[in-house]
1. So residue 154 ticks every box in (1) within 10 Å of the ligand (Cβ to nearest atom); (2) touching a Lys or Arg at 6+ places or on another chain (Cβ under 8 Å); (3) at pLDDT below 95 but one. Which box is left unticked?
2. Restricting to the range 115-128, give me the number of residues that are near the ligand (Cβ under 10 Å from one of its atoms) and open to solvent by less than 60 Å² (accessible area, probe 1.4 Å).
3. Being at pLDDT below 95 and either within 16 Å of the ligand (Cβ to nearest atom) or not acidic (Asp, Glu) (or both) narrows it down to one of 227, 233, so name that one.
4. Go through the range 128-149 and give me each residue that's assigned to a loop (DSSP other than H, G, I, E, B) and either among the aromatic types (Phe, Trp, Tyr) or under 23 Å from residue 188 (Cβ atoms) (or both).
5. So which of 173, 185 ends up being surrounded by fewer than 17 Cβ atoms within 10 Å (Cβ to Cβ) and touching a Pro at 6+ places or on another chain (Cβ under 8 Å)?
6. Taking the residues in the range 90-114 that are under 20 Å from residue 138 (Cβ atoms) and of a type in the set (A, V, I, L, M, F, W, C) as candidates, determine which candidate is farthest from the ligand (Cβ to nearest atom).
7. In the range 75-122, which residue that is of a type in the set (A, V, I, L, M) and farther than 24 Å from residue 213 by Cα is modelled with the lowest pLDDT?
8. Could you list, in sequence order, the residues of the range 157-173 that are in contact with an Asp or Glu (Cβ under 9 Å, 6 or more places away or on another chain) and either within 18 Å of residue 100 (Cα to Cα) or away from the ligand (no atom under 11 Å from the Cβ) (or both)?
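The values are calculated or read from the model by the stated rules, or taken from the named source; none is laboratory data. This is a predicted model, so every value here is computed, not measured. When we count neighbours, we look across all protein chains shown, and the Cβ atoms used for this are built from the backbone with ideal geometry, even at glycine. Heads up: the accessible areas ignore ligands, DNA and RNA and are worked out on the full protein's heavy atoms, side chains in. Shrake-Rupley method; radii C 1.70, N 1.55, O 1.52, S 1.80 Å.
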Amino acid sequence: MWGRFRDRGQGHNDHDAPPSDPYEAERANMVETQLAARHIRDERVLDAMCRVPRHAFIPEANRDHAYEDHPIEIGGGQTISQPYMVALMTQLLQVKPNDHVLEIGTGSGYQTAVLCMLARRVTSIERIASLADKAATTLRALECHNAEVRVGDGSIGCYEEAPYNAILVTAAAPSVPAALRDQLADHGRLVCPVGSRDLQHLVRVVRRGNEFVEDESVKCVFVPLIGEDGWPG
Ligand code: SAH
C-alpha cells in the first residue's frame with residue numbers, strides 16, 4: 001500500500017519512476033510546520049501524514065487548499081478536519097500495528113486513511129450515505145484495503161465487530177457515548193470531542209478492566225455527532 005508514494009524519486013529512469021505528486025513538497029511542509037513544530041512527536045503519525053495524499057480526499061474546487069492549516073468543506077455541510085487536529089487525535093489514540101480501530105464519522109475518508117497506515121484494520125461508520133460512498137471509492141483507489149466503510153449511526157458503535165483496540169469519534173458528542181465505551185477492548189483507547197454543539201474538549205478514555213480512566217486535551221470545534229447517543233438531527 002502507498003508504495004508509489006513511499007518510493008517517490010527512487011525510480012531508475014523516467015519510465016519506471018512513479019507518477020509525480022505535485023503536492024509532495026506542500027505535504028512535507030505541512031508536516032514540518034503544522035505538526036512537528038507543534039509538538040506532534042509520534043514518528044509513526046508524522047510518517048503516515050507525510051504519505052497519505054490529503055488532496056485526494058478534497059473536492060476538486062478546493063484541492064489547492066488541501067495542505068493549509070484549517071478544516072475544509074467536503075459537501076453535505078461537513079468538513080475534513082484541520083491537519084493538526086487529525087495528527088493530535090491520532091497521536092492520542094496510540095494506535096499499534098495489530099489494532100482493530102473503529103472510527104465514527106468517515107467524512108472524506110482522510111482520517112480513515114491515516115489510521116489504515118497505522119493499524120491492522122479500520123472499521124469506519126458514516127451516517128451520510130453519499131459521503132460514505134465517495135470515501136470508500138477514494139480509499140479503494142489509493143489501495144487502502146484494510147478499511148471498511150459502513151453507513152449508519154456510529155453513536156451506538158458496531159457491536160458485531162467489537163471489541164476495538166481504539167475508537168476515534170470525529171464528530172462532537174454531548175458526552176462519551178456509552179455504547180462506545182462498552183465496545184472498547186481491555187487497554188483500549190477512545191478519543192472523542194465532548195461538549196456543547198459549539199465548543200468541545202478532546203476527551204481520551206482508557207479502559208483497564210471495568211475501569212475507565214479519562215483525561216482531557218485541547219479545546220476544539222467539530223460538527224455534531226447526530227444519532228441515538230449524540231445530538232438530535
Ligand atoms: N474524519 C473526517 C471528518 C469528519 S466530519 C475526515 O477526515 O474527513 C464528521 C462526520 O461525522 C461527518 O461526515 C458527519 O456526517 C458524520 N457523523 C455525524 N454523526 C454521525 C453518526 N451518528 N454516525 C456516523 N457518522 C456521523
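1. (3)
2. Number of matching residues: 5.
3. On inspection, the qualifying residue turns out to be 233.
4. 144, 146
5. Just a single option satisfies the conditions, and that option is 185.
6. 101
7. Just the residues of the range 75-122 that are of a type in the set (A, V, I, L, M), to begin with: 80, 85-89, 92-93, 95, 101-102, 104, 113-115, 117-119, 122.
Among the residues that remain, those that are also farther than 24 Å from residue 213 by Cα are: 80, 113-114, 117.
On the way: 80: 94, 113: 98, 114: 98, 117: 98.
Top of the filtered list is 80.
8. 157, 159, 161, 162, 163, 164, 165, 166, 167, 168, 169, 170
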